[in-house]
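Undergrad: For reference, the structure I am asking about is given below.
The values are calculated or read from the model by the stated rules, or taken from the named source; none is laboratory data. Being a predicted model, the structure only gives us computed values, none of them experimental. Don't worry about glycine lacking a Cβ; one is built from the backbone with ideal geometry, like all the others, and counts go over all protein chains shown. To get the accessible areas, we keep the full protein, side chains included, count just its heavy atoms, and leave off ligands, DNA and RNA. Shrake-Rupley method; radii C 1.70, N 1.55, O 1.52, S 1.80 Å.
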Amino acid sequence: MKKRYVVGVTGASGIVYARRLLEVLSEQATVYLVVSEIAEEIARHEGTDLSDLPVIREDNHNLAAEIASGSFKYDGMVIVPCSMKTLASVSTGLSSTLIARAADVCLKERRRCILVMREMPLSRVHLKNMLAVDEAGATVMVASPPFYGRPQTIDDLVDMVVARILDHLGVEHDIGARWSGYDDA
């Protein structure tokens with residue numbers, strides 16, 4: 001059976017990370033995509049289009065969607081980028097949107113749940129919320145690409161972050177450079 005993943009895109013800068021993740025993930029899995037209203041606005045502002053991807057789209061207001069139920073089987077969820085508002089909702093179990101409800105279900109069902117933050121600096125409230133979701137079983141990632149691969153383009157930087165997300169989902173891929181030690185040449 002083909003693997004299934006849920007991807008939530010919320011109102012933080014960095015929609016390009018979601019775009020690249022969806023491109024790679026949809027090649028080998030069924031992907032359910034939920035985009036918040038503010039994320040749609042930010043995507044337009046940043047010039048990132050998510051409309052042409054081969055995914056199943058869900059309305060963020062539809063709390064009756066199949067991905068809102070623990071009986072719906074899927075292999076994991078990623079919220080990328082994850083706004084601090086969404087982080088706060090997930091950390092407190094406030095499921096007023098489909099993205100927050102799906103993350104709540106993901107955590108209660110002990111599935112892989114990855115929240116990718118892009119904001120900085122982080123306040124004490126943000127850090128406490130990150131600790132709370134970590135303690136609930138989520139993986140907290142900050143979109144902070146490494147430079148050991150000597151990236152030449154923004155796409156190289158994006159691939160480094162997306163590669164780590166895919167690694168934590170357990171998805172095979174061939175994007176992003178892996179550390180192979182210092183180059184003494």
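Undergrad: Through the Karplus equation 6.51 cos²θ - 1.76 cosθ + 1.60, θ set to phi - 60°, convert the phi angles of segment 59-67 into ³J(HN,Hα) values in whole Hz; use x for Gly and Pro.
TA: Along segment 59-67, the couplings run 7, 4, 8, 8, 6, 9, 4, 4, 6 Hz.
Undergrad: Just to make sure I understand: if all protein chains stay in place, what is the order of 42, 99, 154 by accessible area at 1.4 Å, largest first?
TA: 154, 42, 99
Undergrad: May I ask you to derive the relative contact order of segment 58-185, considering only C-alpha pairs under 8 Å and at least 6 residues apart, and to give it as an integer percent? Could you put the intermediate results ahead of the total?
TA: Working: 154 pairs, mean separation 27.0, N = 128.
That works out to 21 percent.
Undergrad: For the chain, with a Gaussian network of springs between Cα atoms less than 10 Å apart, report the residue from 11, 47, 70 with the top mean-square fluctuation.
TA: 47
Undergrad: Tell me which lysines have Cα within less than 26 Å of residue 85's Cα, excluding those fewer than 8 residues away on the same chain?
TA: Within the straight-line cut-off, residue 85 pairs with 108, 128.
Undergrad: Round to the nearest 10 and give me the degree value, 0 to 90, for the angle of helix 37-46's Cα axis relative to the longest principal axis of the chain.
TA: 20
Undergrad: Let me ask something else about it. Pairing the Cα long axis of helix 15-25 with the longest principal axis of the chain, what angle in degrees results, from 0 to 90 and rounded to the nearest 10?
TA: The answer is roughly 90 degrees.
Undergrad: Restricting to DSSP H runs of at least four residues, report the calculated mean residue ellipticity at 222 nm for the chain, -39500 (n - 2.57) per run over all residues, nearest 500 deg cm²/dmol. Display every interim value, and only then the final one.
TA: Details: 6 runs with 69 residues, N = 185.
Computed mean residue ellipticity for the chain: -11500 deg cm²/dmol.
Undergrad: Full extension from residue 142 to residue 59: what is 0.36 nm times the residue separation minus their Cα-Cα distance, to one decimal in nm?
TA: Numbers: separation 83, 0.36 × 83 = 29.88 nm, distance 2.58 nm.
The span from residue 142 to residue 59 would gain 27.3 nm if fully extended.
Undergrad: Classify segment 1-149: rounded, prolate or oblate, from the alpha-carbon gyration tensor (a ≥ b ≥ c, eigenvalue square roots; a/c under 1.5 rounded; otherwise prolate if a/b is larger than b/c)? Write out the running numbers ahead of the final one.
TA: Working: a/c = 1.35, a/b = 1.05, b/c = 1.29.
It is rounded, given that a/c, with a ≥ b ≥ c, falls under 1.5.
Undergrad: For residue 114, which sequence-distant residues (separation of 5 or more, or a different chain) have an amide H within less than 5 Å of its own amide H, given hydrogens modelled in the peptide plane?
TA: It is 77, 78, 79, 139, by chain and number.
Undergrad: Given a Förster distance of 30 angstrom, what is the FRET efficiency for residue 120 paired with residue 175, based on the Cβ-Cβ distance and rounded to 0.05?
TA: It comes out at approximately 0.80.
Undergrad: Same structure again: Rounded, prolate or oblate: which one fits segment 28-69, using the alpha carbon gyration tensor with axes a ≥ b ≥ c (rounded when a/c is under 1.5, else prolate when a/b beats b/c, else oblate)? Spell out each step's value before the answer.
TA: Values: a/c = 3.54, a/b = 1.38, b/c = 2.57.
Oblate is the answer for segment 28-69, as a/c is 1.5 or above yet b/c matches or exceeds a/b.
Undergrad: Give me the accessible area per residue for the chain, probe 1.4 Å, as a whole number in Å². Before the final figure, lay out the partial values.
TA: Numbers: 9820 Å² over 185 residues.
The answer is 53 Å² per residue.
Undergrad: Next question. Cysteines of the chain lacking any other cysteine beta carbon under 4.7 Å?
TA: Here 82 come out as lacking a disulfide-compatible partner, given the Cβ-Cβ threshold of under 4.7 Å.
Undergrad: Also: So what J values fall out for segment 158-173 if you push phi through Karplus, 6.51 cos²θ - 1.76 cosθ + 1.60 with θ = phi - 60°, rounded to Hz, Gly and Pro as x?
TA: Listing the rounded values in order: 4, 4, 5, 5, 5, 4, 5, 4, 4, 4, 6, 7, x, 9, 5, 7 Hz.
Undergrad: Gain in length, residue 155 to residue 51, computed as 0.36 nm per residue apart minus the alpha-carbon separation, to one decimal in nm?
TA: On the way: separation 104, 0.36 × 104 = 37.44 nm, distance 1.94 nm.
Computed gain between residue 155 and residue 51 is 35.5 nm.
Undergrad: While we're here: Keeping the other protein chains in place, figure out the carbon and sulfur percent of the accessible area of the chain, with a 1.4 Å probe.
TA: Working: 4870 of 9820 Å².
Accessible surface attributable to carbon and sulfur in the chain totals 50 percent.
Undergrad: For segment 43-108, just say rounded, prolate or oblate: build the C-alpha gyration tensor, square-root its eigenvalues into a ≥ b ≥ c, call rounded for a/c under 1.5, and beyond that prolate if a/b exceeds b/c, oblate if not. Numbers along the way, then the final one.
TA: Numbers: a/c = 1.99, a/b = 1.30, b/c = 1.53.
Oblate, because a/c is 1.5 or more while a/b does not exceed b/c.
Undergrad: For a quick check: with amide H placed at 1.01 Å from N, whose amide H comes under 5 Å from residue 62's, ignoring anything fewer than 5 positions away on the same chain?
TA: Under 5 Å from the amide H of residue 62: 98.
Undergrad: For residue 134 and residue 92, what is the calculated FRET efficiency with R₀ set at 22 Å and r taken between the beta-carbons, to the nearest 0.05? Could you put the intermediate results ahead of the total?
TA: Working: r = 14 Å, r/R0 = 0.64.
According to the calculation, E is roughly 0.95.
Undergrad: Can you return the lysines within cross-link range of residue 3? Criterion is Cα-Cα under 16 Å, with same-chain partners fewer than 8 residues away left out.
TA: Filter leaves 73.
Undergrad: Ok, one more. What ³J(HN,Hα) values, in whole Hz, does the Karplus curve 6.51 cos²θ - 1.76 cosθ + 1.60 give for segment 133-144 when θ = phi - 60°, with x put for Gly and Pro?
TA: For segment 133-144, the Karplus-derived couplings read 6, 4, 5, 7, x, 7, 9, 9, 10, 10, 5, 10 Hz, x marking Gly and Pro.
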